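Student: Mind looking over this structure? Questions follow.
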Amino acid sequence: MNKQSFISIILFLTSLSIYATGQDGDVIYIDGTRWSLLGQPISRDTVLLRQVRAAIPQQHVTLSSNWSGYTAFWSIKQDVLYLDSIRYLLSYKTDKNTQSECIPAKTLQRVFKNYSNGSQIVAGWLKGDIRVARGKILYYEHMGYERNYEEEQIISINQGKVSGVQTFHNYVKEGFSFDQVVKTKTGNMGVLPAQLREMFPLHLGRYPELANEKRIVFSIRHAKVDETGHLVDCEVKVMKPGDNPQLAAEMSALMKAYYPWRVSFINGEYRAYGIERYYVTYLLE
């Protein structure tokens, strides 16, 4: 096949909606140190969530980074998780300014009366894990709380009491990944630099059935890397022009032969961020 080929990479995102936006989450203080709480524990109780929303004025501001419209502040003291306050932004139509306000303490005590010890609110409704983080962001996906930081903790909560803590020190070891594309005005759709086109030299002459095709689209899923940057495993499928196990196997072998790939050590696991969940498209000319 006397055709030149080049590769474009298209980020493979599934099940996205208009709400697929990175969210800010809550704030938590642990031993006096501020952490980001990647989630909103109040939402795990639908009755409490409804009552909190009712306590916030209708003219509050809802941001794309905070669809709930509020930020809760928490603290852990002597292995007990407390809800300290809830803040929201209030909009004033007259001057188009916003101001940060708190739900009054009396109102907060009324809403959480079943979990108040008289002066503090214990997160007694909460059973499960919360994830807290601080430091530099190592991985970010523009959806919910899909991001990872240099330092994270998974804290197990049982009726408001801390029952376990796992601490992780995350890092990224640089290498090649499919998100290293030339950015275009249309987003994450671009062409790999010319010097990288030889990374995956498919033997296209072996596939006469592709003679009249303009592109080959591969789906890359379930990629796994080791600590050295070698690709241990991945699932490669030909999406267009049609299923072709032999061609998929060749692409998989070329990817495994390449080294090094980017390695992300996240919460005790080596992850292949920037490799999996991609469409890799060979455009044939």
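Student: Holding the Cα-Cα limit at 32 Å, pick out from Lys136/Lys240; Lys136/Lys256; Lys136/Lys161; Lys77/Lys224 the pairs that are longer than that.
Tutor: Lys136/Lys240; Lys77/Lys224
Student: While we're here: About the Cα centre, and with charges only on the beta carbon of Lys, Arg (+1) and Asp, Glu (-1), how big is the dipole of segment 98-164? Nearest 20 debye, please.
Tutor: Here segment 98-164 has a charge dipole of around 420 debye.
Student: Shifting gears a bit: Would you pull out the residues with amide H under 5 Å of Leu126's amide H, same chain only if 5 or more places away, H placed 1.01 Å from N?
Tutor: Gln159, Gly160
Student: Mind checking which aspartates and glutamates have their C-alpha under 17 Å from Lys214, skipping anything on the same chain fewer than 8 residues away?
Tutor: Asp243, Glu285
Student: Additional query: Enumerate the amide H contacts of Arg215 below 5 Å, restricted to partners 5 or more residues apart or on another chain; note that Pro and chain-start residues carry no placed amide H.
Tutor: Result for Arg215 returns Leu284.
Student: Assuming R0 = 41 Å, can you tell me the calculated FRET efficiency for the pair Asp233 and Ser65, based on Cβ-Cβ distance, to the nearest 0.05?
Tutor: Between Asp233 and Ser65 the formula returns 0.70.
Student: Taking amide H positions as placed in the peptide plane 1.01 Å from N, state which residues far from Val80 in sequence (5 or more) or on other chains have amide H under 5 Å from it.
Tutor: Under 5 Å from the amide H of Val80 lie the amide H atoms of Val162, each far enough along the sequence or on another chain.
Student: With θ taken as phi - 60° and the coefficients 6.51, -1.76 and 1.60, list the Karplus ³J(HN,Hα) couplings across segment 267-279 in order, rounded to whole Hz; mark glycine and proline as x.
Tutor: 6, x, 10, 8, 10, 9, 4, x, 10, 7, 6, 10, 9
Rule-based calculations on the coordinates, nothing more; no lab input. Fair warning: this is a prediction, and the values are worked out from it, not measured in the lab. So basically every Cβ, Gly included, is an ideal-geometry build from the backbone, and we count neighbours across all protein chains shown.
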